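Read-outs throughout are calculated quantities, based only on the coordinates presented, and are distinct from any laboratory measurement. Note that this is a predicted model, so its numbers are computed, not measured. So basically every Cβ, Gly included, is an ideal-geometry build from the backbone, and we count neighbours across all protein chains shown.
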Amino acid sequence: MNESSVQNKKTALHENHLKSGAKMVPFAGFDMPVSYTGVVQEHHAVRNSCGMFDVSHMGEFRIKGSEALDLIQWITSNDANKLHSGKVQYSCMPNGNGGIVDDLLIYCISATEFMLVVNASNREKDWNWIASQNQWDAEVTDESEEWSLIAVQGPKAAQYLQPIVKESGINQMSYYTFQEVSIQGKKVLLSATGYTGAGGFEIYLPNDQAHGVWESLLDAGVEPCGLGARDTLRMEAGFCLYGNDIDDNTSPIAAGLGWITKFTHAFVDCDRFEKEKAEGSEQLLRGLVLEERGIPRQGYDIESATGEIIGRITSGTQSPTLGQGIAMGYILSNFADLQETVWVRIRKKAVPARVVRPGFLPKV
C-alpha cells in the first residue's frame, strides 16, 4: 500500500475500484480512481453510451429551520427563492472580497429544508464560512460522511439505470430536478444532474448501499470511469473547476457566471458584483480552440499578435471528441471578443487559438 493510501480517506467504494484495476491517486484528501481502462476510452463511453463515477468525496450540508432560506439567500448569488421541492439550483458563495468561496448545488427538500453539495477540497472552508454568516434560525449539519454519491452519466444512462429503480419513468425527469426512489429495497435520492454535459443522473445513497448499486451497474455493462475522464468531459462542456477556473480571487461576473448572479435579493458582495456587471470586468473567462496541433495546459500564457501577455490558461486538454486542443482562461477584456484569434505559448511556440464561449460541444 502506498503512502497516499495510508494518509487519504477512502470512499465506501474503495475496494470496488481496486477490484476493477483502477489507478488510484490522492485527490482532495481522498484516495480516488483516476482511470480504469484509460481516460480516452472512459471519456468516449460517457459521451456515446454510459459511464459511472464515484464522486463520494463531495461534501453534503443540510440546512433546516424556519429561516433556512434566508441564510441561503444571503450566502449564495443565485435566487434560491425560485426553488420548490424537487428542484436543484447551481450557485456560488461570494467571499466578501469579490471572489468565490465555492460553487455548489442547492437541493430544495422543502420550504424549510435544503441540502448543499460542495466541493470536497473546500468542505472545511465552506463549513466555516457558512457558520460565520449564520445569523438566522437555521440549523446547519455536515452529513458528508454519511453519503456516497455515484454519477451515472451519458445518453444511455436512463436505459442502464431504470432496471434497478423501482419507480418507472426516470427518463422523463427534467434537468436539475430530483426525486426519492427505491433501489434494491432502499430509498435514495436520484438527481438529474451531472458534471459531464452528456446527460444522466447522480445517486445520493447511504454508504452501506453503495457497493451493491455499483456492482449491479457494473454487471449491467456500465463502464467505470475515473477523475481523468471526468475532467476532459467537464472541459468539453465548459464547466468551471474550482481551484482552476474560479477561486477566492475570481468574481462570478468575470467567470461568465452572471447567469447565477441575481440581483433580486441582498447577498454577500451583491453591490460589488452589480457595479462590475454595469462597468465591465477587467478580464473575462473565455474558451479557446487551438487551430494548430498542441495541448494547452494550466498556467500557459495567452498572447496577442504582438506577443504581449494578455491572459493565462486555467484549464486545458486535448479534446477526445474534437481531436483538438481546447482550453479555458482569463483574457484581458479588450482582447476577449468572440471569434478573435489569440496565441497560446506552448514552450517556445505561439499556437493560434480562436476565442469562444466556454462549452465546446452542444449540451445534452
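Please work out if R234 is without any contact (Cβ under 8 Å) to a residue 40 or more places away in the chain, of a type outside the set (V, I, T), touching a Gly at 6+ places or on another chain (Cβ under 8 Å) and closer than 23 Å to A120 by Cα.
yes
Could you list, in sequence order, the residues of the range 242-253 that are in a loop (DSSP other than H, G, I, E, B) and surrounded by 21 or more Cβ atoms within 10 Å (Cβ to Cβ)?
Residues satisfying the conditions are D245, T250, S251, P252, I253.
Output the number of residues of the range 341-364 satisfying the condition of being without any contact (Cβ under 8 Å) to a residue 24 or more places away in the chain and crowded, with 16+ Cβ neighbours inside 10 Å.
0
Conditions (1) closer than 23 Å to G243 by Cα; (2) among the acidic types (D, E); (3) in a strand (DSSP E or B), marked per residue:
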| residue | (1), (2), (3) |
| --- | --- |
| F263 | no, no, no |
| R293 | no, no, no |
| P296 | yes, no, no |
| I302 | yes, no, yes |
| A305 | no, no, no |
| I313 | yes, no, yes |
| Q339 | no, no, no |
| V351 | no, no, yes |
| G359 | yes, no, no |
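Could you tell me whether the range 118-127 includes any residue that is within 21 Å of N244 (Cα to Cα) and assigned to a strand (DSSP E or B)?
Yes, the range 118-127 contains a residue that is within 21 Å of N244 (Cα to Cα) and assigned to a strand (DSSP E or B).
Taking strands (runs of 3 or more DSSP E) that do not extend beyond the range 1-112, which have at least 2 residues that are acidic (D, E), touching a strand residue (DSSP E or B) at 6+ places or on another chain (Cβ under 7 Å) and buried (at least 22 other Cβ atoms within 10 Å of the Cβ)?
Fully inside the range 1-112 and qualifying: 100-110.
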